[in-house]
Amino acid sequence: MTKTRVPAVEGWFTMDPDDPRLLASRGLETGSYFFPKNLAFSRNPAAPAEELEEVTLSRRGRVWSWTTNHYEPPAPYVAPAVFVPYTVLAVELPEEQMVVLGPLAPGADPASLSVGTEVELVLGTLYEDDDHEYVVWQWQVVGGEAQ
Amino acid sequence: MTREIAVLGVGMHPWGKWGRNFVEYGVVAAREALADAGVDWRDVQLVCGADTMRNGYPGYVAGATFAQALGWQGAQVSSSYAACASGATALSAARAQILAGLCDVALVVGADTTPKGFLAPNAGERGDDPDWLRFRLLGATNPTYFGLYARRRIEMYGATPADFARVKVKNARHGFSNPYARYRKEVTEEEVAASPLVSDPLRLLEICATSDGAAALIVSSLDYAKSRGIVDPVRISAVSTVTPSYPNTLIDMPSFSTDSAYGVAPPERGFRDSIAHAAYEQAGLGPDDLDLAEVYDLSTALELDWYENIGLCKPGEAERLLNDGDTTIGGRVPVNPSGGLGSFGEAVPAQAIAQVCEVAWHLRGAAGERQVEGARVGLTVNQGLFGHGSCVILRK
């Protein structure tokens with residue numbers, strides 16, 4: 001039986017498997033981006049009344065930094081039965097001029113990373129239950145696709 | 001002009017994993033500070049408590065909790081929560097009332113009892129709380145952020161894991177003789193390197209533990225100090241509790257992203273730089289005036305970041321400062337003579353107050369074996385989640 005793929009958090013990214021994007025809001029006056037998306041108010045103090053629209057963020061960015069965690073985090077992290085170290089990336093989006101966190105897609109060797117390594121957004125499994133596969137955004141090294 | 005208040009008394013409960021109620025620790029620290037000041041509790045006019053979020057309702061109303069524990073006597077009360085910066089925010093409340101002439105003498109106190117292991121978010125399904133979501137979606141513990149900063153130093157400045165380990169070696173040596181420190185044991189670079197990786201490149205001995213502990217201050221107007229015959233007290237010249245300026249371009253706990261700098265120039269100073277800068281402006285002093293500093297070494301590498309953020313050196317020069325011995329007791333400007341968080345572990349609401357206690361002891365010449373000789377000016381710096389700055393400048 002195929003499990004239903006659902007986002008692990010609603011409204012943070014598109015579920016398009018070929019061209020997934022993070023969902024953000026953008027001020028119509030200032031062009032400022034906000035992630036995660038917030039359409040209720042602008043946090044740019046220069047334009048407190050500006051309207052906001054939903055936009056998608058650039059799919060590609062460059063590594064700002066990264067770290068590999070070797071200890072199992074506490075709940076609400078849903079750890080697999082056997083804990084495996086995982087890598088968290090901070091990625092700079094040149095167009096949006098912001099840094100966004102995300103996990104490194106499985107299969108890549110963190111030792112191959114350096115500041116400036118180009119990565120792109122993909123979808124991956126965060127955890128599963130009997131009926132669902134909960135999906136999260138991940139960063140994958142460009143030209144180094146996971147097998 | 002500089003407006004100052006006096007530090008009449010300081011007190012702490014030793015840091016550790018004692019497993020008792022946080023109120024007990026707070027009472028010990030408060031009574032020690034009162035005795036140190038020679039002030040009767042019943043004469044204190046204002047109690048400023050730093051809150052703890054992990055001990056139920058009494059922790060959310062810490063000011064009243066401690067006032068009750070010490071015995072109701074009708075003092076005014078305030079309770080502050082600003083995560084790691086709570087102690088500075090409580091001190092800021094006391095200072096504001098004293099400088100406004102609303103009260104003469106105040107107690108500032110913070111205490112915590114912490115669970116073992118990673119600090120975790122509050123329980124429940126809270127899908128709109130970034131502090132909950134960062135654990136759920138990314139497994140982004142606090143050390144995850146410390147690891148990102150540490151790796152960045154390696155990549156940008158050529159820092160090495162050995163540099164980071166030497167911060168631990170220094171702080172362990174500093175804290176060795178501190179009766180309030182939890183870990184009083186010298187540590188070698190080899191022991192650091194042999195400890196397990198937590199958030200690469202940081203190892204277990206490089207990340208601060210969570211501790212129980214308490215710290216308290218008795219602060220007053222300069223006139224009140226004079227009326228008690230204290231003509232040359234340790235003075236607080238500045239308390240900075242600034243928030244970031246938009247856009248905040250450094251990724252911070254518990255956020256998923258920085259602000260966007262699209263179409264808007266980043267501020268002249270980044271958030272961390274601005275915390276100490278605001279304090280220097282208030283005090284009319286600068287980094288060259290410092291004789292010592294207590295900085296928030298949540299990780300070894302983060303201590304090096306702070307050297308630059310408080311202006312001890314330019315970006316990228318912190319490793320040289322460390323390796324030249326400038327920040328060791330006996331050096332040009334000792335950093336974390338207390339032993340820092342590396343020797344204490346973190347008792348969140350007590351920590352910023354403990355930093356002030358340590359500097360006060362040095363300015364009085366009462367820091368024992370770890371005394372920074374001739375200290376006249378000291379700075380404490382710290383940062384709380386969601387954009388709470390914390391910096392205090394003391395002088396004698």
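Scanning region A:41-61 for residues that are open to solvent by 30 Å² or more (accessible area, probe 1.4 Å), within 12 Å of another protein chain (Cβ to nearest Cβ) and touching a residue at least 12 places away in the same chain (Cβ under 8 Å) gives A:Ala46, A:Ser58.
Checked against (1) touching a residue at least 12 places away in the same chain (Cβ under 8 Å); (2) assigned to a loop (DSSP other than H, G, I, E, B); (3) at the interface with another protein chain (Cβ under 9 Å from one of its Cβ atoms), A:Ala75 meets all criteria but (1). Answer yes or no as to whether B:Glu358 is more than 24 Å from B:Ile5 (Cα to Cα) and either in a helix (DSSP H, G or I) or small (Gly, Ala, Ser) (or both). When the stated conditions are applied, B:Glu358 does not pass them. Which pairs do you get when a residue that is in contact (Cβ under 8 Å) with a residue 24 or more places away in the chain and closer than 17 Å to B:Pro334 by Cα, found in region B:376-396, comes within reach of a residue that is of a type in the set (Phe, Trp, Tyr) and not in a loop (DSSP other than H, G, I, E, B), reach meaning Cβ atoms under 8 angstrom, with the pair 6+ apart or on two chains? Close Cβ pairs (under 8 Å, with a partner that is of a type in the set (Phe, Trp, Tyr) and not in a loop (DSSP other than H, G, I, E, B)) amount to B:Val381/B:Trp306; B:Ile393/B:Tyr280.
In region B:194-201, is there at least one residue being assigned to a helix (DSSP H, G or I), out of contact with any Phe, Trp or Tyr (no Cβ under 9 Å at 6 or more places or on another chain) and either among the polar types (S, T, N, Q) or surrounded by 19 or more Cβ atoms within 10 Å (Cβ to Cβ) (or both)?
no
Among the residues of region B:256-269, those that are within 8 Å of chain A (Cβ to nearest Cβ) and in a loop (DSSP other than H, G, I, E, B) comprise B:Phe256, B:Thr258, B:Asp259, B:Ser260, B:Ala261, B:Tyr262, B:Gly263, B:Val264. Number of residues in region B:94-115 that are open to solvent by 30 Å² or more (accessible area, probe 1.4 Å) and at pLDDT 95 or above: the value is 8.
Scanning region B:319-352 for residues that are touching a residue at least 40 places away in the same chain (Cβ under 8 Å), assigned to a helix (DSSP H, G or I) and more than 18 Å from B:Ser177 (Cα to Cα) returns B:Glu319, B:Leu322, B:Asn323, B:Val348, B:Pro349, B:Ala350, B:Gln351, B:Ala352. For region B:361-383, residues that are hydrophobic (A, V, I, L, M, F, W, C) and either in a helix (DSSP H, G or I) or under 30 Å from B:Asn142 (Cβ atoms) (or both) total 6. When region B:215-243 is filtered for residues that are among the polar types (S, T, N, Q), touching a Gly at 6+ places or on another chain (Cβ under 9 Å) and not in a loop (DSSP other than H, G, I, E, B), the ones remaining, listed by number, are B:Ser237, B:Ser240. When restricted to residues that are over 20 Å from A:Phe13 (Cα atoms) and open to solvent by 20 Å² or more (accessible area, probe 1.4 Å), region A:68-77 contains 5.
Listed by position, the helices (runs of 4 or more DSSP H) inside region B:126-191 whose residues that are facing another protein chain (nearest Cβ under 8 Å) number at least 1 are B:130-133, B:142-157. Residue check: A:Pro80 meets all listed conditions (1) at the interface with another protein chain (Cβ under 8 Å from one of its Cβ atoms); (2) closer than 20 Å to A:Tyr127 by Cβ; (3) not acidic (Asp, Glu) but one, namely (1). You will find that of B:Glu319, B:Glu281, B:Glu268, the residue that is modelled with pLDDT under 95, open to solvent by 10 Å² or more (accessible area, probe 1.4 Å) and outside the structural domain of B:Gly110 (by TED's automatic domain parsing) is B:Glu268 and no other. If you take just the strands (runs of 3 or more DSSP E) that sit entirely in region A:81-147, which of them hold at least 2 residues that are of a type outside the set (Phe, Trp, Tyr) and over 22 Å from B:Leu133 (Cα atoms)? Result: A:118-128. Each residue in region A:86-101 was checked for being more than 7 Å from chain B (Cβ to nearest Cβ) and either open to solvent by less than 60 Å² (accessible area, probe 1.4 Å) or touching a helix residue (DSSP H, G or I) at 6+ places or on another chain (Cβ under 9 Å) (or both), and 4 pass. So, of the residues in region B:270-303 that are among the acidic types (Asp, Glu) and assigned to a loop (DSSP other than H, G, I, E, B), which turns out to be farthest from A:Ala47 (Cα to Cα)? Among those residues, the one meeting the criterion is B:Asp291.
Per the listing B:Ala85, B:Ala33, the residue uniquely more than 17 Å from B:Val348 (Cα to Cα), touching a residue at least 40 places away in the same chain (Cβ under 8 Å) and in contact with a strand residue (DSSP E or B) (Cβ under 7 Å, 6 or more places away or on another chain) is B:Ala33.
The values are calculated or read from the model by the stated rules, or taken from the named source; none is laboratory data. Note that this is a predicted model, so its numbers are computed, not measured. Glycine gets a Cβ as well: all are built from the backbone with ideal geometry, and neighbour counts include every protein chain shown. Just the protein is used for accessible areas: all its heavy atoms, side chains included, with ligands, DNA and RNA removed. Shrake-Rupley method; radii C 1.70, N 1.55, O 1.52, S 1.80 Å.
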